[in-house]
1. From the list 106, 113, 129, pick out the single residue that is at pLDDT 95 or above, at negative phi, surrounded by 14 or more Cβ atoms within 10 Å (Cβ to Cβ) and assigned to a loop (DSSP other than H, G, I, E, B).
2. Would you please name the residue that is surrounded by the most Cβ atoms within 10 Å (Cβ to Cβ), looking only at residues in region 56-85 that are under 22 Å from the mean Cα position of the chain (by Cα) and without any contact (Cβ under 8 Å) to a residue 24 or more places away in the chain?
3. Only one residue in 175, 159, 188 is free of Cβ contacts under 8 Å to residues at least 60 places away in the same chain and under 16 Å from the mean Cα position of the chain (by Cα). Which one?
4. Given the conditions (1) surrounded by 13 or more Cβ atoms within 10 Å (Cβ to Cβ); (2) in a loop (DSSP other than H, G, I, E, B); (3) more than 17 Å from the chain's Cα centre (by Cα), report the number of the one that residue 138 does not fulfil.
5. In this structure, does residue 146 turn out to be at pLDDT below 95, part of a strand (DSSP E or B) and touching a strand residue (DSSP E or B) at 6+ places or on another chain (Cβ under 6 Å)?
6. Mind listing whichever residues of region 319-332 are in contact with a strand residue (DSSP E or B) (Cβ under 6 Å, 6 or more places away or on another chain) and not in a loop (DSSP other than H, G, I, E, B)?
7. Identify all residues within region 257-283 that are part of a helix (DSSP H, G or I) and touching a residue at least 60 places away in the same chain (Cβ under 8 Å); write none if there are none.
8. Output the residues belonging to region 291-318 that are within 30 Å of residue 223 (Cβ to Cβ) and outside any helix (DSSP H, G or I).
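The values are calculated or read from the model by the stated rules, or taken from the named source; none is laboratory data. Computed from a prediction, not measured in an experiment: that's the story for all the values here. With ideal geometry, Cβ positions are generated from the backbone for all residues, glycine too; neighbour counts draw on all protein chains shown.
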C-alpha cells in the first residue's frame, strides 16, 4: 500500500530542533498540549506525544488529519495534496501531516482525541536499511527493513517510509508483528509512475538507507476481543492481513473462532502469499476460509489449482465478500485495506449487511 506526500526529507519533519513550539489542540474530547520542533509536522509531533490525532495515510492523500488553525502561524509543505481538496483554506483548515508550526499555535480538531490510551503504540523516527528483496509476482516485491532501533507494533499496523532521492513519504503495512523487533517486513505493488515501486525494483534499493516513522494505524487485531475475523483486502493491502493471520495462528485463534479472508487481485497469476494462506487454512480447524477474488479472469467458483485450501471467485473483492458473507456477519470484527474505491465499497457493504461501524477497522491508501 502506498501513498505519496510532497516533503523534502522525512527526517527533517521529525528531527528535534533547539527552539520548540507550544501546540494546543482543542478536540471534542478535551484540550491537549504538546511541543514540536519547527521542522516537525504537527501530526508526527502529536502522535509521538501519544495523542490519537485522526489520520489514515499520514502522507497527504486521504484528508483524515484535517484540522483548523485558530491562532498562530504555520507552514504547509504540500499545498496540492489530494487530501486537501475539500479544505476550507480561508477558515484556516490544514492537513496535520503536511503542516509545520512556525511558532506557538492553537488547533481545532473535529474528532475525539485521547492521550496514551491502552494498547496505543507511540510512534517514533528510526533509521533503517533495505534488505532481502524478493519478487513475488511481476509487479509485487516483498522486502525487509533492518531497523537501527527496535520497534513494538501490533498486527495490522503500518509505517511511513522515505527513501533516498525520492520526494515524499510512503505508507506500508507490516507483514510481520511483534515486540522489540529490529526488522520489519513490507510489500509493495509496482504501479505506472510509482516512484517507490520503480526504485525498489531497481538496482540501488538493496542496502539503501531509509527513514521510518511508526508504528501507525488502528486497524489492529487483539485476540482478547473474542470476535470472529473478516478480512477484505485488495493488492498489497493484504500485508496487514498477513500480520493478523500470523498473530491469530500463534494464538490458535481459529480453534474457537471463525475467520474469512477475501483477497482481491486481477488474475490468478497476480496472487501471492498463497502458500501461507494454504498453511493457515490447514491449521485453521476447518474454521478459516480464504477466497482469492479475480477481477479480470473468470475461472469459476473453484479451488486454486496448486493451493487447494484457497477458493477462487470472479469479481471485485468487496462484491465477492458481500455475496459470500450474506447472513454471516454476526459477531465479526471486519478489517479492510486497499485502494480507496475498494475500501469505500467494502465498508458500504458491511454497513448494509448490519456490521456496526465500531466493528469495522480499515486502512485506506491512494
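1. When all the criteria are applied, what remains is 113.
2. 64
3. Within the list 175, 159, 188, the selection yields 159.
4. Among (1) surrounded by 13 or more Cβ atoms within 10 Å (Cβ to Cβ); (2) in a loop (DSSP other than H, G, I, E, B); (3) more than 17 Å from the chain's Cα centre (by Cα), the lone unmet condition for residue 138 is (1).
5. Here the answer is no, as residue 146 does not meet what is asked.
6. Listed by number, the residues that qualify are 320, 321, 332.
7. Listed by number, the residues that qualify are 269, 270.
8. 291, 292, 293, 303, 304, 307, 308, 309, 310, 311, 312, 313
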